[in-house]
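Novice: Let me begin by handing over the structure; questions about it come next.
The values are calculated or read from the model by the stated rules, or taken from the named source; none is laboratory data. Quantities reported herein were computed from a predicted structural model and do not represent experimental measurements. As a convention, Cβ positions derive from the backbone with ideal geometry for all residues, glycine included, and neighbour counts pool all protein chains shown.
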Ligand code: ADP
């Protein structure tokens, strides 16, 4: 069973993904988190990916597709995929892989929010250095006062993501519109089960709505 989270940067995909994983038995696969780990460990892929990510551009398909296909390889469990596919060619590769594995996409959750709200959210956001959980800063210095509340993070500190600066945020939103949004129509045309979720609402309200689709 494969559920895909689609939506612009700042839509709250990571936040909802964590809620879904806490309540349902899903394996969380986030290409953004995977790439950030590669950057942190200074692996070959990390060194290639870093500048693309910091600029807000997509990392080239040849690296991404290999990375995700490897992680989908032997999975017969329930996958929650966040950050992939991000363009039509990635969507086609995923289809091919799922057919090979005799799997399908059970649900696409398309979260939408207007640009102004996305920019405001991303300019007040910090993330846990260990698990990437996002935190909303009420004032800039709060970054020194908050530590991650997840028990397995052992009070890890939080930091501003390198791509959460105004230029990269603008670029990420424009890349989303140009490359990723067409994936929504790609799935609609294929009659994949896709639901549009208004993500400019309180987190718990959004989660309640998402839960209805997961419980079917
Ligand atoms: P957000 O949705 O907030 O922009 P992510 O954490 O999903 O952030 O991704 C961060 C960055 O990682 C992207 O801007 C891009 O550079 C890279 N990335 C993540 N997933 C992909 C992908 N499927 N294809 C290409 N690049 C990706």
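Novice: Identify, from the list 103, 90, the residue that is surrounded by 14 or more Cβ atoms within 10 Å (Cβ to Cβ) and assigned to a loop (DSSP other than H, G, I, E, B).
Specialist: Sole residue among the options that is surrounded by 14 or more Cβ atoms within 10 Å (Cβ to Cβ) and assigned to a loop (DSSP other than H, G, I, E, B): 103.
Novice: Tell me the helices (runs of 4 or more DSSP H) entirely within the stretch 1-84 that contain at least 1 residues that are within 12 Å of the ligand (Cβ to nearest atom), on the phi < 0 side of the Ramachandran plot and touching a residue at least 60 places away in the same chain (Cβ under 8 Å).
Specialist: 13-23, 31-40, 44-55
Novice: Restricting the stretch 96-117 to residues that are in contact (Cβ under 8 Å) with a residue 12 or more places away in the chain and more than 18 Å from the chain's Cα centre (by Cα), which is nearest to the ligand (Cβ to nearest atom)?
Specialist: Filtering first and then ranking leaves 97.
Novice: Checking residue 98 against (1) under 29 Å from residue 185 (Cβ atoms); (2) in contact with a helix residue (DSSP H, G or I) (Cβ under 7 Å, 6 or more places away or on another chain); (3) at pLDDT below 95: exactly one of these is not met. Which one?
Specialist: (2)
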